[in-house]
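Report on one structure; see the data block that follows.
The values are calculated or read from the model by the stated rules, or taken from the named source; none is laboratory data. Since the model is a prediction, treat every value here as computed from it, not as a measurement. Glycine gets a Cβ as well: all are built from the backbone with ideal geometry, and neighbour counts include every protein chain shown.
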Protein chains: 2
Amino acid sequence: MNTRRADRRADGVRHELEQLILTGDLADGDRLDEVSLAERFGCSRTPLREAFQALAASGLVQLIPHRGAFVRHPAFEELVEMFEVMAELEALCGRLATRRITRPLLAALHETVIACEAAVHDADSDRYYAENERFHMLLYQAGGNRFLADEAARLHRRLKPFRRMQLQVRGRMAQSLDEHRQVLAALERGESEAAADALRNHVAVQGSKFNDLMASYRRSPLVPAAMGRS
Amino acid sequence: MNTRRADRRADGVRHELEQLILTGDLADGDRLDEVSLAERFGCSRTPLREAFQALAASGLVQLIPHRGAFVRHPAFEELVEMFEVMAELEALCGRLATRRITRPLLAALHETVIACEAAVHDADSDRYYAENERFHMLLYQAGGNRFLADEAARLHRRLKPFRRMQLQVRGRMAQSLDEHRQVLAALERGESEAAADALRNHVAVQGSKFNDLMASYRRSPLVPAAMGRS
DNA sequence: AACGCCGAACTTGTATACAAAATAATTGAC
DNA sequence: GTCAATTATTTTGTATACAAGTTCGGCGTT
């Protein structure tokens, strides 16, 4: 029979559902029907309901008692709000990092910047994206505050698809790289406020640059393609 | 029979479990046994498992696949880290609020400060606690960033038991009130950085003041009493 | 014809039965 | 007697059966 479609279990379901939402296969407001999704994934309702709860905690779906689970895509305003918070969390990471960063982490950050330069040179946005990811994750660690690192990573992850859109904008990659350089320079000089400001700006720019993408976003409220991986 | 103990369902279970953890009836590292808790609450395993997931999302329990759910109380360091982040979130609220706050909200903030003064005068820590809560919630709203408000409220809620401990420290109430006044004054003058700094300090103080409580905390890692309500 | 009430169909919420995995215990070998 | 391996028990994960609530359609009334 054609049951080969599925067979994933547990948090496999969660991840798969998350992708369906993020890629836009499931539109804003869509009701997540337990039985149809269950047979689609080849599992029972139980793992699905657990996935719903996890996704609700992430803010991707809204759970209404006795009514069901509904896809919750962030409105444009909400995205701007999230970037506003993200900017501040990263700024805090930077401020703390100037005091707490270790030599190896600083060296690793250096490497990512060099790798980013190569990516920009090759106009390889995929690679730039990967290295940018690394840069930020390292920075979260460098803050020396595990809770902060977790929260930052959580929000970062939630904004991932939208950040990816940004890189498509002309010149954004090079600009981003330059901002990375400024952050790194501030860290090396130990200027905490400069580092914080550079990071706040680095992230906030993405939020404000969103106006440029607004039009396309409006008609297809989800990132259309190429963000389904990792 | 003696089944009268329970009979609550669904998120009632979630809330009750949360209280058990917060009050310290369930100690750090305790395994949450599904069957025994099920009969304790007079329900089946299903609602319990859902509650586990919700609590895991809040960070109160750790979910290990095929092993079970374990109570996760924040270590002292982690608490300090959480206050560090909370301070920054509130600072951001304050900075934004100077630009965005509405007249009614400003008036409401005024009222809470007055109510706090009365509470301090009466040495009524319960009332002070309630009004302090109101002050901060209003502030989160005043930031004009709903996402930020939600996140701040979430963390605020998570730190609730520990903040409550603080008020027991001699003189803390009066000091806290004074800090509230400074925040409000900065907001009224529209000085965003002053407001941010005042709030950052107001919260950070709580984190650092924690050293004073460390000894007692060490031997009973949970807030011992009087924080189970609301 | 429109509104409200009542009932059927469907959907979610909960309980239980079953399967798989992990832990504990027992047996056997060295 | 100790250690390892295999079996037994316990516990989590999943599926299904059942209960309760919600939505939708029909019927009757005004």
Somewhere in region A:92-101, is a residue of a type in the set (Ser, Thr, Tyr), facing chain B (nearest Cβ under 10 Å) and either touching a residue at least 40 places away in the same chain (Cβ under 8 Å) or within 16 Å of DNA strand C (Cβ to nearest atom) (or both)? no
Residues within region B:17-63 that are away from chain A (no Cβ under 11 Å) and assigned to a loop (DSSP other than H, G, I, E, B), tallied: 13
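Inside region A:55-78, can you point out the residues that are within 16 Å of DNA strand D (Cβ to nearest atom) and surrounded by 14 or more Cβ atoms within 10 Å (Cβ to Cβ)? Outline the logic, then answer.
Of region A:55-78, the ones within 16 Å of DNA strand D (Cβ to nearest atom) are A:55, A:62-70.
Listed by number, the residues that qualify are A:55, A:62, A:63, A:68, A:69, A:70.
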Scan region B:53-74 and report the pairs whose first residue is at pLDDT 95 or above and aliphatic (A, V, I, L, M) and whose second residue is in a helix (DSSP H, G or I) and within 9 Å of DNA strand D (Cβ to nearest atom), with Cβ atoms within less than 9 Å and a gap of 6+ or a chain change. B:61/B:52; B:63/B:52; B:69/B:34; B:69/B:49; B:69/B:52
Residue hits (region A:7-52; within 14 Å of DNA strand C (Cβ to nearest atom), touching a residue at least 40 places away in the same chain (Cβ under 8 Å) and buried (at least 18 other Cβ atoms within 10 Å of the Cβ)) are A:26, A:50, A:51
Failed criterion for residue A:33 (all others in (1) within 10 Å of DNA strand D (Cβ to nearest atom); (2) touching a Gly at 6+ places or on another chain (Cβ under 8 Å) hold): (1)
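Taking the condition within 16 Å of DNA strand D (Cβ to nearest atom), in a helix (DSSP H, G or I) and of a type outside the set (Val, Ile, Thr), does residue A:81 pass? It would help to see each step written out before you state the result.
Working: within 16 Å of DNA strand D (Cβ to nearest atom): no; in a helix (DSSP H, G or I): yes; of a type outside the set (Val, Ile, Thr): yes.
No, not satisfied.
Which of the residues that make up region B:140-157 are at the interface with chain A (Cβ under 8 Å from one of its Cβ atoms) and in a helix (DSSP H, G or I)? I'd like the intermediate steps shown before the answer.
Restricting attention to region B:140-157, the residues satisfying the condition of being at the interface with chain A (Cβ under 8 Å from one of its Cβ atoms) are B:145-148, B:151.
Passing the criteria: B:146, B:147, B:148, B:151.
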Which condition number does residue A:82 fail, the rest of (1) under 30 Å from residue B:87 (Cβ atoms); (2) surrounded by fewer than 16 Cβ atoms within 10 Å (Cβ to Cβ) being met? (2)
Quick check, is residue B:131 free of Cβ contacts under 8 Å to residues at least 60 places away in the same chain and on the phi < 0 side of the Ramachandran plot? yes
